[in-house]
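The structure under discussion appears below in the form of structure tokens.
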Amino acid sequence: MRLLFAAILVAGISSPAWATDCPNPQGWAKPERHLAARSPDMKFGLKPGGTAQIGLLDQNQVKFAVGKATRKGYAGLAALDVAKAGTLEIVLDNKTFVDLVRDGKALDLASEPKGHGCPGVQKALDFKVTPGRYVVQLSGSPDKSVKMGTVLR
């Protein structure tokens with residue numbers, strides 16, 4: 001009887017219940033395709049609530065919005081237009097470093113990074129945002145592109 005109870009307990013703990021806590025941006029399975037910008041003064045802006053596969057550049061080809069690249073890899077910029085205040089979750093399929101920049105300053109994270117153990121997600125970051133344009137600064141990517149999804153709550 002104890003063995004049966006232990007088996008039920010272990011099955012309950014190791015069940016796929018964690019999947020409900022995993023980020024699930026719209027379009028994650030079939031992202032739009034975009035090329036990253038080389039400088040912060042871009043015209044086109046993504047909207048929260050979708051997913052894009054972003055082609056990146058060699059880091060020496062990018063004029064960063066803040067700071068400079070601290071790791072080797074690929075980089076790029078994407079504008080993000082936010083219409084309402086809330087928590088913006090940025091979800092990535094690799095370990096690309098992310099800065100969310102507004103008015104020349106990188107925002108602090110609103111919570112600890114998450115996403116490990118979620119299928120296809122390497123990193124999920126939360127930022128507190130207000131309406132306006134932001135620059136998503138991507139750097140140190142191990143790959144020439146990154147899948148990035150956004151959710152505004």
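Here are the numbers for the structure shown:
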| quantity | calculated |
| --- | --- |
| Mean ellipticity per residue at 222 nm, deg cm²/dmol - from DSSP H runs of n ≥ 4 across the chain, formula -39500 (n - 2.57) | -2500 deg cm²/dmol |
| Region 112-153-region 38-53 distance, computed between alpha-carbon centres (Å) | 13 Å |
| Whether region 75-147 is rounded, prolate or oblate, judged on the alpha carbon gyration tensor where a/c under 1.5 counts as rounded | oblate |
| The chain, relative contact order in percent, only Cα pairs under 8 angstrom and at least six apart counted | 30 percent |
| Using alpha-carbon coordinates, inclination of helix 2-13 to the longest axis of the chain, degrees | 20 degrees |
| Vicinal HN-Hα couplings computed from phi for region 105-110 (Karplus, 6.51 cos²θ - 1.76 cosθ + 1.60; Hz; Gly/Pro x) | 10, 7, 7, 6, 5, 7 |
| Calculated FRET value between Asp108 and Leu152, using beta carbons and R₀ = 22 Å, to 0.05 | 0.80 |
| Theoretical gain in end-to-end length, Ala85 to His34 [0.36 nm per residue, Cα-Cα removed] | 15.8 nm |
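Readers should treat all values here as calculations from the given coordinates under stated rules, not as data from a laboratory. The shown structure was predicted, so the numbers you read here are calculated from the model rather than taken from an experiment. Don't worry about glycine lacking a Cβ; one is built from the backbone with ideal geometry, like all the others, and counts go over all protein chains shown.
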